[in-house]
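K.L.:
Pasting a structure here, questions to come.
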Amino acid sequence: MNKLYILFFIATLFFAACDEYEDTVEPSPAVPEGCQGVYFPSSNTAVFELEPTEATEISLTLARTVSSGNVEVPISVQVNSDDVFNVPATVSFADGETEVDFTITFPNAGEGTTYGLKLIVEGDQYINPYSAASPVVSTQVTRIKWTPVAEPMVYVDGVFAAGYGVSQYPMYVEAEKAQLGESVRYRFKNAYDVPTQDADADGIYDGYPYNDAEKVDADNDYYTIIEIYDPAGVSGDVFMPAHEIGNDWGYGMITIGSVYGNLSENISSYPLGTISNGVITFPANSLYLSEAGYEDGKPYPSSTPTYIYLTKEAFIAANLKIEDFNDVEYNAIADGAVSEFISAAYSESWSQTLAMAVDADPDNADSEYKNLYYLSDLFAEGYGVAFYYEEGVGVTIPENQPIGTEVFGQALYVSPSEDIESSVVVNAKGVTIYTLGLTFHYADGTVVGEFAEKFFYSEDAVSYAKEDFIGNFVMTGISQFGEADASMDVNIAEGDDENTFVITGIDYAPEVLALFDPATSVMTITPQVLPDLVLSSGTYDVTLYTTDLDGGVSTTAVMDFTFNMQGDLVMTSSSAADGYLIRSEAAGGWLDGYYGLSFTPDASKSAGIATQSIVPFNVRTIQEMVQKAERTTNNFAVQGKRSPKKRVTTNSVVL
């Protein structure tokens, strides 16, 4: 009973309380009658960057939603850095005005400091609390502090080069620098001024070399400004504001600047500049040029890049291009016991020095001086031939190198041959053989010959033993009678007597006896009666005669042979005879003969006696011999024109 009573009592209290509750809603404050609805438009500038020469004042805009009535609106200052800003206490609206610009001054603001300002309008009669527009404005002001850059920069224009088809020349520009928070800005005063003198030793002018006094406005200063979007100023994008440069080339004042950001928002077609390693590059279509009086100032994007080098050193490092390989500084490679050049073009050989370039740009991985070799004074004093060689990469020969000689009355140049491979190999004797496939040509490209020119180098002396002379060879030589050159497979074997050889395979000579001098490693062939030549048509006597350097027939002059650096048996420089003739009295005259003999080892054939290649007799007279005075001193002949290409060969090889 007690529990039921308690529940009844609680319920009575609850319903009584509900009868006394009244649900009410407090209305929002009404906009006061006559409220001006004052606000700061979003179009107000948030950041001001002012040149030191500009007035120390800015303008902000205050707006209202009503237009009737004159009103004075008080302005409250919430932030004023260093109390530098002078803000009017009120801003006045005249009847009918909805926007008013007002001025804030800061005459004591220093350069290089950013000052903050925050203003607010308060009061019910001015502010509509339900408006989305803000009664608050924040801005900041920096008076740019320009600091002179100690050394001039180097500016290489591309817009004039593209617009007027002129060459690009470097010019010094005096620069000033400003640090602007997240970016670095440079400016150049009168960059396109008239030069006062010729280019310096590095080819750099102190003005734009195509300008003269009639093209330049000398009464005013014009600033070229670039902004690097990087707080350190060493990487990232670079923008050039559009600006007049003070030049008029007959079509009105010229303006240049970045296409993107000034004229277009298509950055893929009109890229910004970039900076790397102290070099600012505005690539093709990055900058534009317009002339006020030409096609109403229509802008023309530049197809030629513009470069700005932050230092002269950066310019020199980036432009260490080799124009003349004869002007490069080289260090001679240590003289070796072997250092010989053999020219197929001139049919001569001589002692030769190999040198390597001093790297004038060692920190540049792409330096043109790296791996550059030079054969100095090769064909003429003061002229060499340069080539690049890197093990595992190969040989590259620069094109159009003058060699200081003439043929047929015209100067000769060399370029890489398209057909003759250049290479570097090391033979079994440790000799490094540099083969340069060279095309000899005139300045207009007319080819006069392609040859494999060879240089042989070894630090150590090369020696040959008797065993090196034994084996199979290919004997070549020039016909004494103006016929086809010789190319005979011959075999050199050890003779019956000590230090003798027997040579087989020479046409019309069953066997030729040769002597060997172990002290000098020289093989000697003397005039001699040879074994009879037995043919199906009969047996013929044969005698080997030699020819001296004047072309005379000799029974005493000997042919001396030694190995050259390539490993071929060739005649020594002191050989009294330069060739041979074979005569048969039974046949009635001279059967064959060659001079300028060479024996090239041929490891592809098995050892053994070589067989002769005998053709029907063609007996000659002594009068049919080629007179040596008629032999040319070079092997050139005018041919067609070359197509310019570089050739990189295979890797170095050890034989």
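The values are calculated or read from the model by the stated rules, or taken from the named source; none is laboratory data. Quick caveat: nothing in here was measured; it's all calculated off a predicted structure. Please note: Cβ atoms are built from the backbone with ideal geometry, for glycine as well, and neighbour counts cover all protein chains shown. When the accessible area is computed, the model is the full protein with side chains, heavy atoms only, and any ligands, DNA or RNA have been set aside. Shrake-Rupley method; radii C 1.70, N 1.55, O 1.52, S 1.80 Å.
Yes/no per residue for (1) crowded, with 18+ Cβ neighbours inside 10 Å; (2) outside any loop (DSSP other than H, G, I, E, B):
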| site | (1), (2) |
| --- | --- |
| ASN128 | yes, no |
| ALA133 | no, no |
| VAL154 | yes, yes |
| GLN168 | no, no |
| MET171 | yes, yes |
| TYR186 | yes, yes |
| ALA191 | yes, no |
| ALA201 | no, no |
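K.L.:
Tell me the residue from ARG647, ARG620 that is surrounded by 18 or more Cβ atoms within 10 Å (Cβ to Cβ) and either at pLDDT 85 or above or polar (S, T, N, Q) (or both), please.
P.N.:
On inspection, the qualifying residue turns out to be ARG620.
K.L.:
Looking at this structure, is PRO152 modelled with pLDDT of 95 or more, in contact with an Asp or Glu (Cβ under 7 Å, 6 or more places away or on another chain) and not small (Gly, Ala, Ser)?
P.N.:
Judged against the criteria, PRO152 is a match.
K.L.:
If I ask for residues that are in a loop (DSSP other than H, G, I, E, B), within 56 Å of the chain's Cα centre (by Cα) and over 25 Å from LYS466 (Cβ atoms), which ones from region 513-560 would you list?
P.N.:
LEU549, ASP550, GLY551
K.L.:
OK, next. Output the number of the condition that PHE48 fails; it satisfies all remaining conditions of (1) open to solvent by 40 Å² or more (accessible area, probe 1.4 Å); (2) at pLDDT below 95.
P.N.:
Of the numbered conditions (1) open to solvent by 40 Å² or more (accessible area, probe 1.4 Å); (2) at pLDDT below 95, the odd one out for PHE48 is (1).
Residue by residue, here is whether (1) of a type in the set (Ser, Thr, Tyr); (2) crowded, with 17+ Cβ neighbours inside 10 Å holds:
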| site | (1), (2) |
| --- | --- |
| THR353 | yes, yes |
| PHE379 | no, yes |
| GLU390 | no, no |
| THR405 | yes, no |
| ALA411 | no, no |
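K.L.:
Considering only region 85-100, how many residues are more than 14 Å from LEU119 (Cα to Cα) and not hydroxyl-bearing (Ser, Thr, Tyr)?
P.N.:
The total comes to 7.
K.L.:
Of all residues in region 427-450, how many are hydrophobic (A, V, I, L, M, F, W, C), under 23 Å from GLN566 (Cα atoms) and either within 28 Å of the chain's Cα centre (by Cα) or open to solvent by less than 40 Å² (accessible area, probe 1.4 Å) (or both)?
P.N.:
Summing the residues that are hydrophobic (A, V, I, L, M, F, W, C), under 23 Å from GLN566 (Cα atoms) and either within 28 Å of the chain's Cα centre (by Cα) or open to solvent by less than 40 Å² (accessible area, probe 1.4 Å) (or both) in region 427-450 gives 5.
K.L.:
Looking at region 529-546, is at least one residue more than 12 Å from ILE582 (Cβ to Cβ), free of Cβ contacts under 8 Å to residues at least 60 places away in the same chain and hydrophobic (A, V, I, L, M, F, W, C)?
P.N.:
yes
K.L.:
Within the set of pairs 6+ apart or on separate chains, which have a first residue in region 237-256 that is farther than 15 Å from PHE188 by Cβ and touching a residue at least 40 places away in the same chain (Cβ under 8 Å), a second that is in a loop (DSSP other than H, G, I, E, B) and polar (S, T, N, Q), and C-beta atoms under 9 Å apart?
P.N.:
Cβ pairs passing all conditions: TRP249/ASN211.
K.L.:
Next up: Do any residues in region 83-98 that are farther than 23 Å from THR65 by Cβ have Cβ atoms under 8 Å from those of residues that are surrounded by fewer than 12 Cβ atoms within 10 Å (Cβ to Cβ), where the two are at least six apart or on different chains, and which pairs are they?
P.N.:
The qualifying pairs are VAL84/ASN108; ASN86/PRO107.
K.L.:
Oh, and also: Conditions: (1) surrounded by fewer than 19 Cβ atoms within 10 Å (Cβ to Cβ); (2) closer than 16 Å to PHE440 by Cβ; (3) in contact with a helix residue (DSSP H, G or I) (Cβ under 7 Å, 6 or more places away or on another chain). GLY384 meets all but one. Number of the miss?
P.N.:
For GLY384, the exception is condition (1).
K.L.:
Consider region 450-470. How many of its residues are small (Gly, Ala, Ser) and at pLDDT 95 or above?
P.N.:
1
The rows are residues; the columns are (1) open to solvent by 20 Å² or more (accessible area, probe 1.4 Å); (2) aliphatic (A, V, I, L, M); (3) modelled with pLDDT of 95 or more; (4) more than 28 Å from TYR186 (Cβ to Cβ).
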{"position": "PHE85", "(1), (2), (3), (4)": "no, no, yes, yes"}
{"position": "ALA94", "(1), (2), (3), (4)": "yes, yes, yes, yes"}
{"position": "VAL121", "(1), (2), (3), (4)": "no, yes, yes, yes"}
{"position": "ARG143", "(1), (2), (3), (4)": "yes, no, no, no"}
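K.L.:
Name the pairs: first residue in region 59-79 and in contact (Cβ under 8 Å) with a residue 24 or more places away in the chain and over 28 Å from TYR115 (Cβ atoms), second residue hydroxyl-bearing (Ser, Thr, Tyr) and assigned to a loop (DSSP other than H, G, I, E, B), Cβ to Cβ under 8 Å, at least 6 apart or on different chains?
P.N.:
THR65/THR98; THR65/SER131; VAL66/THR98; SER67/THR98
K.L.:
While we're on this one: Name the residues in region 156-166 that are open to solvent by less than 30 Å² (accessible area, probe 1.4 Å), outside any strand (DSSP E or B) and of a type outside the set (Phe, Trp, Tyr), would you?
P.N.:
If the condition is that a residue be open to solvent by less than 30 Å² (accessible area, probe 1.4 Å), outside any strand (DSSP E or B) and of a type outside the set (Phe, Trp, Tyr), then ASP157, GLY158, VAL159, ALA161 are the ones that fit.
K.L.:
Say we look at region 285-317 and pick out the residues that are open to solvent by 40 Å² or more (accessible area, probe 1.4 Å) and in contact with a Pro (Cβ under 8 Å, 6 or more places away or on another chain); which of these is nearest to MET253 (Cα to Cα)?
P.N.:
Going through the qualifying residues, I end up with ASN285.
K.L.:
Return only the number of the condition from (1) modelled with pLDDT under 95; (2) touching a strand residue (DSSP E or B) at 6+ places or on another chain (Cβ under 7 Å); (3) crowded, with 17+ Cβ neighbours inside 10 Å that SER575 does not satisfy.
P.N.:
SER575 satisfies every listed condition except (1).
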